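Asks: Quick one: this structure, given as structure tokens, is what I'll be asking you about.
The values are calculated or read from the model by the stated rules, or taken from the named source; none is laboratory data. Please read all numbers here as calculations on a predicted model, not as lab measurements. In this analysis, Cβ positions are derived from the backbone assuming ideal geometry, glycine residues included, and neighbour counts consider all displayed protein chains. Side chains are part of the model used for accessible areas, which takes the heavy atoms of the whole protein and leaves out ligands, DNA and RNA. Shrake-Rupley method; radii C 1.70, N 1.55, O 1.52, S 1.80 Å.
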Amino acid sequence: MTIRVAAVGDIHMGPDSEGLLRPAFETLSDCADLLLLAGDLTRHGTPQEARVVAREVRDLPVPVVAVLGNHDHHDERPEEVTAILRDAGVTVLEGGATVVEGAGGRLGIAGTKGFGGGFVGRSAGEFGEPVMKEFVRTTRRSADSLHAALKELDQRDCAARVALTHFSPVADTLAGEPPEIHPFLGSYLLAEAIDTAGADLAVHGHAHLGTEHGMTAGGVRVRNVAQPVIRRAFNVYRLGGD
């Protein structure tokens, strides 16, 4: 059996874009078993913008699972944004996991926003000023929570597991972005968490100028689903089967 995963990130919705994605989302039951939202759902993280997103995804024909992005934190009210989305039926993850029952089997999703820090050979270290150490520790805590969530799913009889983040776990999907900003687009610590805990697919957003396809060192497929990259309402990925 095949599990069909629809995914998109960086939709950056506001009042002037209300209703833009709803027609496409309403067709999801024809092509997917669930929808993953990979962060940056709003422009500035305001409750008003979150309500626009909520109306876009409320009562869709498939389950919706999301993580927040950096834009969703900008107004410093991520808890309100999360509450509005959850009230619309969205499962919002931050260091947690959920299981979706589909025709193709049980799909486990582990999610966290993630953070920056860079990649092997060009990464920030947990050394020096307190603010620098906290920068790296923020990513490490996020990666640790992703690892724990994936390990939890390993005990829940899932046919497949997906790691859902906003920041990228690999440099592959950043191709096209200026190399100088790669440390602010993701961290290898997320990939280490994915490889050591195990997953069948990793989905992220954030890198608007990046590339869709990548892979962790351990061979897990990575997909950048930022809407400016995929250039459509969502992409669909198939897990299992042939």
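Asks: Of the residues that make up region 82-100, is at least one open to solvent by 10 Å² or more (accessible area, probe 1.4 Å), in contact with a Ser or Thr (Cβ under 9 Å, 6 or more places away or on another chain) and in contact (Cβ under 8 Å) with a residue 60 or more places away in the chain?
Replies: Yes.
Asks: Exactly one condition in (1) of a type outside the set (Val, Ile, Thr); (2) at negative phi; (3) crowded, with 16+ Cβ neighbours inside 10 Å is not met by Arg141; state its number.
Replies: (3) is the only condition that Arg141 fails.
Asks: Take region 106-122 and flag every residue that is crowded, with 18+ Cβ neighbours inside 10 Å and either within 29 Å of Pro63 (Cβ to Cβ) or among the basic types (Lys, Arg) (or both).
Replies: Leu107, Gly108, Ile109, Ala110, Gly111, Thr112, Lys113, Gly114, Phe115 - these are the residues of region 106-122 that are crowded, with 18+ Cβ neighbours inside 10 Å and either within 29 Å of Pro63 (Cβ to Cβ) or among the basic types (Lys, Arg) (or both).
Asks: Here is a follow-up. If you scan region 102-154, which residues turn out to be assigned to a helix (DSSP H, G or I) and among the aliphatic types (A, V, I, L, M)?
Replies: Selection gives Val131, Met132, Val136, Ala143, Leu146, Ala148, Ala149, Leu150, Leu153.
Asks: How about region 187-242: which of its residues are farther than 29 Å from Arg137 by Cβ and not in a loop (DSSP other than H, G, I, E, B)?
Replies: Scanning region 187-242 gives His213, Gln227, Pro228, Val229, Ile230, Asn235, Val236, Tyr237, Arg238, Leu239, Gly240.
Asks: Turning to a different aspect of this structure: Quick one: Gln155 ticks every box in (1) of a type in the set (S, T, N, Q); (2) within 22 Å of His73 (Cβ to Cβ); (3) open to solvent by 50 Å² or more (accessible area, probe 1.4 Å) bar one, so which box is it?
Replies: In the conditions (1) of a type in the set (S, T, N, Q); (2) within 22 Å of His73 (Cβ to Cβ); (3) open to solvent by 50 Å² or more (accessible area, probe 1.4 Å), Gln155 misses (2) alone.
Asks: Exactly one of these conditions fails for Gly69: (1) open to solvent by 30 Å² or more (accessible area, probe 1.4 Å); (2) part of a loop (DSSP other than H, G, I, E, B). Give me its number.
Replies: The one condition Gly69 does not meet is (1).
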